[in-house]
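Remarks on the structure that follows.
The values are calculated or read from the model by the stated rules, or taken from the named source; none is laboratory data. Small disclaimer: the values here were computed from a predicted structure and weren't measured. Reconstructed Cβ throughout: ideal geometry from the backbone, glycine too, with neighbour counts over all protein chains shown. Note: accessible area is taken over every heavy atom of the protein model, side chains too, but ligands, DNA and RNA are not part of it. Shrake-Rupley method; radii C 1.70, N 1.55, O 1.52, S 1.80 Å.
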Amino acid sequence: MERKILRLTWGIAVFLCWGTVFTGCGDEEDTFENIEPTPEGATAYITKVFDFVPAVGQFTNSLPEYEEGDTQEAMNEKVLAAIGNNKKGMISLGGFGGYVVVGFDHTIANVVGKRDFRVLGNAFYSADNPDINAPEGGSCEPGVIMVAYDKNQNGVPDDEWYEIAGSAHENPALELWYDKAVTAGNDVKTYRNYEITYYRPEKEPTTSEEREKYIWWEDNQGNSGYKVKNTFHKQCYYPEWIKEDKITFKGTCLPQNAVDESGQGSYFVLYKFRYGYADNELNTKDESAIDIDWAVNSKGQKVHLPGVDFIKIYTGVNQGNGWLGECSTEISGVEDLHILGVDIDTRK
Ligand SMILES: [Ca+2]
Ligand SMILES: [Ca+2]
Ligand SMILES: [Ca+2]
């Protein structure tokens, strides 16, 4: 009997050792060679747009403007004309999941201990929040940022993507407005592997009743409903160059950060996440800048990339805010902080 137990213990020990070896092997897929120094004359800004698929939203088909007959390639070119090469125009990604994929004329280096790039948005703080003790917020519409290194050096984003783990990826309860959002009845969880599908509307609404039941959506958490059309923006809210009658977006869904501070639907404050997202913090503040070392793989494990060639940004919150419309990430550019000589330490 004792011998049997001993043998079993050995078995477990060997099994555990194997486990350790396997974990060790698992890290190897995430190692990369060092990159060349940034070439002379490289530009700090977006030089390529690979893809642009906004979700349903009040600025979809207008930022940038869709014109009849425009193809995906034509829309990508319009996005490049708006936000590439330091033009600082504006595009909108619509509701949750809508995305853009951009590239550069060099690899943005991952400098140890420093933030490496910044995604420019149009976030701002409220001037008249009725709650004078509230944390910073206003129009903070976080976009989740993904990065890829052109490992096979073919110039196209067919490599593994890694997500920048922003503050609510780590722990939503640490956001300064968390209790406020709970009180307001918001969904305050972070969902990895979230999926949402939007269905093309059969026609554009003409009555307020039809506007309330404009575009049907459902997610993989058992939620569904209608995206509403408002009276301010008359164009179709479903991306018109997409041929399919439904679109599914996948990603990490962040806690709903908007609270109606008036209590009457007239003053929505979209609160700021602490760090790590696009269109969430003022472009002039350090917390709008990103350290590539915040990247994690699909299992949520930290990876170390030598630099990034491609950046994908998608709207990270699924929330409608009355007359203000849905939470939608806007983008006006990306900046390589090292080329610009901007020196910002990473977070402690
Ligand atoms: Ca860095
Ligand atoms: Ca590639
Ligand atoms: Ca915005």
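Could you provide, to the nearest whole Å², the per residue accessible area of the chain with probe 1.4 Å?
Values: 17200 Å² over 348 residues.
Accessible surface, normalised per residue, equals 49 Å².
Whole number please: convex hull volume per residue of the Cα set in segment 95-193, in Å³?
Values: hull volume 15.8 nm³, N = 99.
So the per-residue Cα hull volume is 159 Å³.
From Cα pairs below 8 angstrom and at least 6 apart in sequence, can you work out the relative contact order of the chain, rounded to a whole percent? Each step should come with its number before you reach the end.
Numbers: 791 pairs, mean separation 107.0, N = 348.
Normalised by residue count, the contact order of the chain is 31 percent.
Short version: what are the Cα gyration tensor semi-axes of segment 35-336, square root of 5 times each eigenvalue, largest first, in whole Å?
Working: eigenvalues 175, 114, 60 Å².
With the √(5λ) rule applied to segment 35-336, the semi-axes are 30, 24, 17 Å.
Summarising the overall dimensions of segment 213-348 from its C-alpha atoms, the Rg and Dmax are 17.9, 50 angstrom.
Between 0 and 90 degrees, rounded to the nearest ten: what's the tilt of helix 72-83 against the longest Cα principal axis of the chain? It works out to around 90 degrees. To put it simply, the accessible area of the chain at a 1.4 Å probe is 53 percent carbon and sulfur.
Calculate for the chain the 222 nm mean residue ellipticity that helices alone would give, adding -39,500 (n - 2.57) per DSSP H run of length 4 or more and normalising by residue count, nearest 500 deg cm²/dmol. Could the numbers behind the result be given before it?
Details: 5 runs with 52 residues, N = 348.
Calculated at 222 nm, the ellipticity per residue is -4500 deg cm²/dmol.
Among the listed pairs Lys227/Lys302; Lys78/Lys213; Lys213/Lys312; Lys88/Lys213; Lys234/Lys285; Lys189/Lys299, those whose Cα-Cα separation exceeds 24 Å are Lys227/Lys302; Lys78/Lys213; Lys213/Lys312; Lys88/Lys213; Lys234/Lys285.
In the chain, with Lys and Arg counted as +1 and Asp and Glu as -1 at Cβ, which of these residues, Ala148, Asn186, Pro135, has the Cα nearest the positive end of the dipole, that is, farthest along it? Of the listed residues, the answer is Asn186.
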